[in-house]
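Have a look at the structure below before the remarks.
The values are calculated or read from the model by the stated rules, or taken from the named source; none is laboratory data. Treat the numbers as computed from the prediction; the structure is a model and nothing was measured. In this analysis, Cβ positions are derived from the backbone assuming ideal geometry, glycine residues included, and neighbour counts consider all displayed protein chains. The protein model used for the area step is the full one, side chains on, heavy atoms only, and it has no ligands, DNA or RNA in it. Shrake-Rupley method; radii C 1.70, N 1.55, O 1.52, S 1.80 Å.
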There are 2 protein chains.
Amino acid sequence: MRKNKRDELVEKAMETFYRNGFHATGMDMLVAESGISKTSMYKHFKSKEDLILAALGLREQQFHDWSTKRVCELASEPKDQLLALFDVLGEWFREDTFKSCMFIKASSEYPEPDHPIHQQTVEQRNTMYQGVLALVEAAHLKNPEALARQLLMLQEGAIITAHFGNSDDPAGEAKKAAKALIDAAS
Amino acid sequence: MRKNKRDELVEKAMETFYRNGFHATGMDMLVAESGISKTSMYKHFKSKEDLILAALGLREQQFHDWSTKRVCELASEPKDQLLALFDVLGEWFREDTFKSCMFIKASSEYPEPDHPIHQQTVEQRNTMYQGVLALVEAAHLKNPEALARQLLMLQEGAIITAHFGNSDDPAGEAKKAAKALIDAAS
DNA sequence: GACTAAATGAACAGATCGGTACACCTTGCT
DNA sequence: AGCAAGGTGTACCGATCTGTTCATTTAGTC
């Protein structure tokens, strides 16, 4: 056996929740798509909510690892890495499995601020902010906190625009805007 | 009778869907919250989907009317109106009923591109884009299409940031970024 | 081969889902 | 008074939801 059944389940569940939504995906659908029995599911996770939390955790880890790896491959200087972030976004948008951001979707479907799922999405965004802030500070740019949030807003906006499909190259347009902001803060 | 029962229903349904989500809101909950009988609901709308479409239509009209009115009250020159858009966003974010954007949430919950609900959200975003583009062109700024999309991305990003609650003044920060982009295109 | 741990299939429970049927009750108009 | 339109309340349908039960099967280890 190459892989833990549990990990297979979380991976498949992540894909299905991402593609199909959380409320719209029933446990029976996960049984059908993952090939894992419902009995095993509830042996590993005591509820659907627990499975969603695990799926979000896997998503966060996979996306973080992939994006930081790609950014480092594309650029080495902090300022260039800030811009490379948008190239990586563009690669993501062009994947045919792209369906907006899983955390934005999760926070939409679980809007109560103190819901565990909502909280996990907020924490993921905080982590993203800390990453961008570290790059901004390493690049010695002015007003680092505000600039980091503005760059993050451009990323969020690019994701939403890519999702609505009203632009051919949202990542490229966001990158140009980011360049203007970074140049102004140099 | 001051108001049509149908209109009362759509208004209440809009609020409940916006606050609670679409899949998570059942017709029985709408009966409880609106005080309108289920029989009447299905006399006016043949399905939940039809009611959601009507609620989105009302939202689009209300938000469009309110935001354009506020923008015109705050500024008269096109360039100033582009910036005033972000002040209006800030007013919206500070409402205690603010829960992200109803159309972003709807497109998340109905991700299939050819679903009527998804299509209605895409059309709403196209309308927003046309509005911003008209202002950009009236202000005689360079690269109007790209600039309009970049400004729209800042708005989308501000909405998401406001929703995640990681910033005290997302609209103000987005406005400063927008100002930099507009100045660079003058 | 015997033991153990993990996974399976299928039936089931109780609740809720979207949607319908039907008898009754207001209300306004003539 | 009589009529018609629109609204109400309740019970109900079949499907689907999350979650459970249980007997059986598989796979690895001593």
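Descriptive notes on the structure:
- Test result for B:Asp96, open to solvent by 10 Å² or more (accessible area, probe 1.4 Å), within 14 Å of another protein chain (Cβ to nearest Cβ) and more than 16 Å from DNA strand D (Cβ to nearest atom): yes
- Being loosely packed, with under 14 Cβ neighbours inside 10 Å and within 24 Å of B:Leu53 (Cβ to Cβ) is a property that does not hold for B:Gln119.
- Filter result for B:Leu56 (touching a Ser or Thr at 6+ places or on another chain (Cβ under 9 Å), modelled with pLDDT of 95 or more, open to solvent by less than 50 Å² (accessible area, probe 1.4 Å) and in a helix (DSSP H, G or I)): yes
Results for (1) within 11 Å of DNA strand C (Cβ to nearest atom); (2) closer than 30 Å to B:Asp168 by Cα, shown as yes or no for each residue.
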{"site": "B:Asn4", "(1), (2)": "no, no"}
{"site": "B:Leu9", "(1), (2)": "no, no"}
{"site": "B:Phe22", "(1), (2)": "yes, yes"}
{"site": "B:Asp28", "(1), (2)": "yes, no"}
{"site": "B:His44", "(1), (2)": "no, no"}
{"site": "B:Ser47", "(1), (2)": "yes, no"}
{"site": "B:Glu60", "(1), (2)": "no, yes"}
{"site": "B:Asp65", "(1), (2)": "no, yes"}
{"site": "B:Val71", "(1), (2)": "no, yes"}
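- Number of residues in the stretch B:27-53 that are outside any helix (DSSP H, G or I) and within 11 Å of DNA strand D (Cβ to nearest atom): the value is 3.
- Leading residue by the ranking (nearest to the other protein chains (Cβ to nearest Cβ)) among those in the stretch B:70-93 that are among the small types (Gly, Ala, Ser) and part of a helix (DSSP H, G or I): B:Gly90
- With respect to the conditions (1) open to solvent by 10 Å² or more (accessible area, probe 1.4 Å); (2) more than 9 Å from chain B (Cβ to nearest Cβ), A:Val136 lacks only one, and its number is (1).
- Subset of the stretch B:14-34 (residues that are closer than 18 Å to B:Leu58 by Cβ and not aliphatic (A, V, I, L, M)): B:Glu15, B:Thr16, B:Phe17, B:Tyr18, B:Arg19, B:Asn20, B:Gly21, B:Phe22, B:Thr25, B:Glu33, B:Ser34
- Qualifying positions in the stretch A:102-123 - more than 8 Å from every other protein chain (Cβ to nearest Cβ), part of a helix (DSSP H, G or I) and closer than 24 Å to B:Asp96 by Cα: A:Phe103, A:Ala106, A:Pro116, A:Ile117, A:His118, A:Gln119, A:Gln120, A:Glu123
- A:Leu58 aliphatic (A, V, I, L, M) and within 19 Å of the chain's Cα centre (by Cα): yes
- Residue selected from the stretch B:1-23 under the condition open to solvent by 40 Å² or more (accessible area, probe 1.4 Å) and not charged (D, E, K, R), by the criterion farthest from the chain's Cα centre (by Cα): B:Met1
- Matching residues, the stretch B:159-171, being part of a helix (DSSP H, G or I) and at the interface with chain A (Cβ under 9 Å from one of its Cβ atoms): B:Ile159, B:Ile160, B:Thr161, B:His163, B:Phe164, B:Pro170
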